[in-house]
1. Express in whole angstrom the spacing between the alpha-carbon centres of segment 36-60 and segment 89-140.
2. Listed highest first by mean packing, meaning other Cβ atoms within 10 Å per residue, what order do 22-28, 90-96, 53-59 come in?
3. Restricting the calculation to Cα positions, tell me the Rg (one decimal) and the Dmax (whole number) of segment 1-143 in Å.
4. List, in order, the whole-Hz ³J(HN,Hα) value for each residue of segment 32-46 obtained from phi through the Karplus relation with A = 6.51, B = -1.76, C = 1.60 and θ = phi - 60°; use x for Gly and Pro.
5. Order the peptides 79-86, 107-114, 37-44 from the highest to the lowest mean number of other Cβ atoms within 10 Å of their residues.
6. How big is the Kirkwood radius of segment 101-153, worked out from every pair of different alpha carbons and given in Å to one decimal?
7. Using the alpha carbons of segment 11-73, what is the convex hull volume per residue in cubic angstrom, as a whole number?
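Only the coordinates and a few stated rules stand behind these numbers; no lab work does. Remember, predicted model here, so these are calculated numbers, not experimental data. Reconstructed Cβ throughout: ideal geometry from the backbone, glycine too, with neighbour counts over all protein chains shown.
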Amino acid sequence: MATAAPAGASATPPGCGNSSLAVTHTPLDGATGHDSFVLLYRNVGRGTCTLYGYPGLDAVNASGQVLAHARRTLHGFAGGAPAVSPVAVAPGGYASAVVEWTNFNTATGGACAFSRSVATTPANTSDTVHFPASVGVCNLQVHPTVAGTTRNVRSPPPSWPGSREPARRRPARGSTGVGRWPRSNWTAPSTPARSARFGS
């Protein structure tokens, strides 16, 4: 289940409920053995609401069995955040969270299993949406919810342990699933495709 807002957090604006969000995702983006996409949360309600924490995400096979639960980490190769913070989402506005994995086993150099779909639950909500996506189970991670539709932090700042200059991004070859496009050219759609609006 996705994380909830901490006790004592401000009740204004209220948390986004199950009927407040339309969930979509960007196409796949890959570089140097890493792949990722961004989960997008559009506020379809009439008032500003808050998301806080990590979404839940599972890689699921063709039989509907969970292959792996995404590990919750602040940041990684594809982006992330310096800290977990509440995100206020205005009506029609977006929040987002990065999902990433490696296409090979970093310990052995061997192959990894891939999902047929994913199941994801936005932070501080209880309903889950499913969509087709070929996601690797090796080093599968999800990062905190952040404001807007970008990856927030594309690489760790120099103060983060293990930080380095990011490699030049290029499309990974031979992958299937949600597709890909250059991140810098992407803008949020006014009417999201592949949306799943939670029931009231």
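1. After rounding, the separation between the Cα centres reads 12 Å.
2. On the way: 22-28: 20.7, 90-96: 18.1, 53-59: 23.0.
So the peptides 22-28, 90-96, 53-59, ranked by packing, come out 53-59, 22-28, 90-96.
3. Just the Cα atoms of segment 1-143 yield Rg and Dmax of 15.4, 50 Å.
4. 3J(HN,Hα) across segment 32-46, in whole Hz: 6, x, 10, 10, 6, 8, 10, 6, 10, 10, 9, 7, 9, x, 9.
5. Top of the packing list down: 37-44, 79-86, 107-114.
6. Working: mean 1/r = 0.0763 Å⁻¹.
Hydrodynamic radius (Kirkwood, Cα pairs) of segment 101-153 is 13.1 Å.
7. Values: hull volume 8.7 nm³, N = 63.
Output value, Cα hull per residue: 139 Å³.
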